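To start, the structure under review is shown below, and the notes come after it.
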Amino acid sequence: SEQGHRLTITIEDDGMGSAAQKHSGRPGSGMALDNIRARLHTRYGENASIALEPLPAGTRVTLQLPQEILP
């Protein structure tokens, strides 16, 4: 969806979500998410974000990007 001058992309997964780490016995370090945040910051500064939200079943990821106007 478009909100103002931002593009919002929401993805929902109804699987195990963050609970999968507990069941697999292999906890994640969060490095991939940190890398994505760093790349967004490098490219868009404070105008982009990514957020993870646990759901009763699964996870919701919300990515917000600036809406670029092409000449």
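Would you say Gly15 is open to solvent by less than 60 Å² (accessible area, probe 1.4 Å), at pLDDT below 95 and in a loop (DSSP other than H, G, I, E, B)?
Values: open to solvent by less than 60 Å² (accessible area, probe 1.4 Å): yes; at pLDDT below 95: yes; in a loop (DSSP other than H, G, I, E, B): yes.
Yes, satisfied.
What is the residue count in region 61-71 for residues that are loosely packed, with under 15 Cβ neighbours inside 10 Å and among the polar types (S, T, N, Q)?
Number of matching residues: 2.
From the set of residues in region 35-60 that are surrounded by 15 or more Cβ atoms within 10 Å (Cβ to Cβ) and among the hydrophobic types (A, V, I, L, M, F, W, C), which is nearest to Ile11 (Cα to Cα)?
Looking at residues that are surrounded by 15 or more Cβ atoms within 10 Å (Cβ to Cβ) and among the hydrophobic types (A, V, I, L, M, F, W, C), I get Ile50.
The values are calculated or read from the model by the stated rules, or taken from the named source; none is laboratory data. Source: prediction; values computed, not measured. We place every Cβ from the backbone using ideal geometry, glycine too, and count neighbours over all the protein chains shown. These area figures cover heavy atoms from the full protein model, side chains too; ligands, DNA and RNA do not enter into them. Shrake-Rupley method; radii C 1.70, N 1.55, O 1.52, S 1.80 Å.
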